[in-house]
Amino acid sequence: MKETILKKLQQKPFFLVLLPVFFILHGYNEFFGFFTLKFTTLHLTAVLLFTAILYLTAYVYFRSLKKTALFSFWFLLLLLTFGSVHDLLKKTAPGFFSSYTFLLPLILLAMIILIVRIKKSPSQFLRTFTFLNLVMIIFLLYEFADGIQRFIQVQKGSNLIDNRFTAFKNYKPLTAVAEADKPDIYFLVFDGMPSTKAMKAAWNYDNSSLDSFLLKEHFFISHDSKSNYNLTVLSISSTLNMDYTPPVDLAQDETKMYFKASASILKNSLTEILLKEDYSIKQYQPVSFNNPDWKGGLFFTDMLYMHYFYQTLPGRIYRDLGWHFFKRFKNAEKTYNNRNALAETDLKQTLSLVKESCDTLQRKPQFIYAHFRLPHDPYIFDSTGKRKPGLLTTKLKEEDQPKVFIEQVQFANLLIKDLTTHIKRNNKKNTVIIVEGDHGYRNIYGKKGYMIFDNLHTIYYPDQDYKTLYPSISPVNSFRSVVNKFFHANLPILKDSSIFIPYNLPGEQ
């Protein structure tokens, strides 16, 4: 038995199949619990198919099964591990030695030497096959063990930005609330929507017509509100968790932060409390990757769908260099028109879902969270909501952005008025409505943070009793106030603070 196994390890290139399996499994373990089985299987199939094509192509030159297998393995290893090696080089040897100017010629030279040596070698590669087979088996066993460990950790909440659930653990209502007295809760987030006060101070733009409407509709406006974070994923997850997140170290892994924070939008203290109170929960938001309520586009699509590709040599070249080349062959107008059309479709879908959720006769209380990418860039709409031609919505100079941003503020005003009016008229009277910007105006390209925290923050209670609210209440305390008022929870109000997180947008270097 032992001799049979040893002979197979010496003769069979198992390593050529085990390498793609290891690559996919390792990538899955990096973000355990975030990738679906379908997503992972498709990528494994693609890598195995590429391996087969590589092997058949190389065989035409080598005319030897073993030499072809050995070359294919080393070439595939280079392609699949380049991203990790490149990241390490950028940390340990920044500058010329980690640049593509140095690395690409070096890789080409190494491949030429490899081809020549394998072609000329008379060896049967018995030791090499044994070594590579054993190494890949050990690596796979390690990944399987690591996957089991990560599964256990995920059950404990390791895939969340904040798994403490402090507010939920402290949720001990003084008295039970009757089902009929539990309010519906609408949470409407307009991405990057600043406060009227901030826009007046920065641009001398008067958006008080929105404030006047909200006050007429008996909303409370937090005129001095500031968002708690400058990033959407952290702002929303902390709002729903009713707590500040643990310290965030982006240097460790910025991508993982986005994944964990987006997962915390789906599972947090508020959702746990509402589930305990037998609420129906719907989230019409494109921020979380595995959101069952949302079928439209995602904010950070590349972070999910390009995860494996960006780890490879072709993926890195495309990400870091390719756009310079490919943009010459793209129809820019068509590209931006398609992007804007999809954004408009998603917007209409969100509006429709919110309105369809309204029901004056429903018995079970509901929580509806809807996220609108307005007035945040890209600047797709004019002040009336008409979609602009694609070429007018590309990158703008810093000084030109406030004007088009304000146009989308004006459109957002129309949506806020329409939605709040519709909810109040078509949903049950006992309904809470929170409308807020997850952060203020954020100059994406210049990253000038002068209005970054100054957000819109307004709350509607059906009895218009706002004595527990105050002008500077920030989003982290929004739902603490709601839970205290309607469920007698007696949760402490936290100190209102704003935390700046330096960041790169997904895909930026």
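Scan Thr384, Thr394, Thr431 and give me the residue that is modelled with pLDDT of 95 or more and exposed (fewer than 15 other Cβ atoms within 10 Å of the Cβ). Don't jump to the end; show me each part of the working.
Values: Thr394 fails: modelled with pLDDT of 95 or more; Thr431 fails: exposed (fewer than 15 other Cβ atoms within 10 Å of the Cβ).
Going through Thr384, Thr394, Thr431 in turn, the sole match is Thr384.
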> Only one of Ser481, Ser472 is touching a Ser or Thr at 6+ places or on another chain (Cβ under 9 Å) and without any contact (Cβ under 8 Å) to a residue 40 or more places away in the chain; which?
Replying inline: Ser481
> Got a number for residues in segment 366-403 being out of contact with any Ser or Thr (no Cβ under 8 Å at 6 or more places or on another chain) and either outside any helix (DSSP H, G or I) or not charged (D, E, K, R) (or both)?
Replying inline: 24
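If I go through segment 452-467 residue by residue, how many of them are surrounded by fewer than 23 Cβ atoms within 10 Å (Cβ to Cβ) and touching a residue at least 24 places away in the same chain (Cβ under 8 Å)?
Pass one, segment 452-467, residues surrounded by fewer than 23 Cβ atoms within 10 Å (Cβ to Cβ): 459-467.
Those left that are additionally touching a residue at least 24 places away in the same chain (Cβ under 8 Å): 459-462, 464, 466.
Within segment 452-467, residues that are surrounded by fewer than 23 Cβ atoms within 10 Å (Cβ to Cβ) and touching a residue at least 24 places away in the same chain (Cβ under 8 Å) number 6.
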>> Could you list, ordered by first residue, the pairs with Cβ atoms under 8 Å in which the first is in segment 404-429 and more than 28 Å from Gln362 (Cβ to Cβ) and the second is part of a helix (DSSP H, G or I) and of a type in the set (Ser, Thr, Tyr), at least 6 apart or interchain?
In response: Asn413/Ser209
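Inside segment 34-47, can you point out the residues that are surrounded by 15 or more Cβ atoms within 10 Å (Cβ to Cβ) and closer than 11 Å to Val21 by Cα?
First pass over segment 34-47, keeping only residues surrounded by 15 or more Cβ atoms within 10 Å (Cβ to Cβ): 34-35, 39-40, 43-44, 47.
Residues satisfying the conditions are Thr40, His43, Leu44, Val47.
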> Across segment 131-173, what is the number of residues that are out of contact with any helix residue (DSSP H, G or I) (no Cβ under 9 Å at 6 or more places or on another chain), in contact (Cβ under 8 Å) with a residue 60 or more places away in the chain and of a type in the set (A, V, I, L, M, F, W, C)?
Replying inline: 2
> Which one is nearest to the chain's Cα centre (by Cα) among residues in segment 52-66 that are surrounded by 17 or more Cβ atoms within 10 Å (Cβ to Cβ) and hydrophobic (A, V, I, L, M, F, W, C)?
Replying inline: Leu54
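Condition check ((1) modelled with pLDDT under 90; (2) assigned by TED's automatic domain parsing to the domain that holds Glu179) across all residues:
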residue	(1), (2)
Ala251	yes, yes
Lys256	yes, yes
Ala261	no, yes
Lys267	no, yes
Leu274	no, yes
Asp278	no, yes
Lys282	no, yes
Asp293	no, no
Leu298	yes, no
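Restricting attention to segment 162-184, and to residues there that are outside any loop (DSSP other than H, G, I, E, B) and of a type in the set (A, V, I, L, M), which single residue is surrounded by the most Cβ atoms within 10 Å (Cβ to Cβ)? Break it down stepwise before answering.
Within segment 162-184, the subset outside any loop (DSSP other than H, G, I, E, B) is 166-169, 179-181, 184.
Retained after the next criterion (residues that are of a type in the set (A, V, I, L, M)): 167, 180.
Details: Ala167: 24, Ala180: 9.
The residue in question is Ala167.
Would you check which residues across segment 108-125 are of a type in the set (Gly, Ala, Ser) and in a helix (DSSP H, G or I) and list them? Working first, answer last.
Of all residues in segment 108-125, those of a type in the set (Gly, Ala, Ser) come to 110, 121, 123.
Result: Ala110, single match.
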>> Given (1) farther than 23 Å from Lys467 by Cα; (2) outside any helix (DSSP H, G or I); (3) of a type in the set (A, V, I, L, M, F, W, C); (4) touching a Phe, Trp or Tyr at 6+ places or on another chain (Cβ under 7 Å), identify the lone condition not met by Phe187.
In response: (1)
> Can you pull out the residues in segment 2-56 that are closer than 17 Å to Met303 by Cα and not in a helix (DSSP H, G or I)?
Replying inline: Phe31, Phe32, Gly33, Phe34, Phe35, Thr36
>> Given the condition under 25 Å from the mean Cα position of the chain (by Cα) and either within 23 Å of Gln283 (Cβ to Cβ) or in a helix (DSSP H, G or I) (or both), answer yes or no: does some residue in segment 358-365 qualify?
In response: no
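Quick test for you: out of Pro94, Pro105, pick the one residue that is at pLDDT below 90 and either part of a helix (DSSP H, G or I) or not aliphatic (A, V, I, L, M) (or both). Working first, answer last.
Details: Pro105 fails: at pLDDT below 90.
Going through Pro94, Pro105 in turn, just one is at pLDDT below 90 and either part of a helix (DSSP H, G or I) or not aliphatic (A, V, I, L, M) (or both): Pro94.
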> What residue, of Phe62, Phe73, is out of contact with any strand residue (DSSP E or B) (no Cβ under 8 Å at 6 or more places or on another chain), of a type in the set (A, V, I, L, M, F, W, C) and closer than 23 Å to Ile317 by Cβ?
Replying inline: Phe73
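The values are calculated or read from the model by the stated rules, or taken from the named source; none is laboratory data. This structure is a prediction, so every number in the text was calculated from the model and none was measured. Methodologically, a virtual Cβ is constructed for each residue, glycine included, from the backbone with ideal geometry; neighbour enumeration extends over all protein chains shown.
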